[in-house]
1. Within the chain, track down each residue that is touching a Gly at 6+ places or on another chain (Cβ under 7 Å) and either loosely packed, with under 11 Cβ neighbours inside 10 Å or in a helix (DSSP H, G or I) (or both).
2. So how many residues does segment 4-52 have that are without any contact (Cβ under 8 Å) to a residue 12 or more places away in the chain and among the aliphatic types (A, V, I, L, M)?
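Read-outs: derived from the displayed coordinates by stated rules, not from any lab. Here the structure is a predicted model, which is why all the values come from computation and not from measurement. Don't worry about glycine lacking a Cβ; one is built from the backbone with ideal geometry, like all the others, and counts go over all protein chains shown.
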Amino acid sequence: AERKTSLGKDWHSACLRCEKCNKTLTPGNHAEHEGKPYCHQPCYSSLFGPGG
């Protein structure tokens with residue numbers, strides 16, 4: 001399986017997914033909170049952004 005490195009870890013391509021919505025993510029194109037990946041919009045913004 002193809003591996004991607006993100007957040008200081010190696011991930012299988014299918015395993016690098018948003019913790020909230022399960023959307024497939026790409027290295028460098030997602031946010032992180034407590035070592036877990038999140039898509040920028042809408043998940044990270046709604047959970048951890050201003051007013052979240």
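1. Selection gives S45, S46.
2. Here the count works out to 0.
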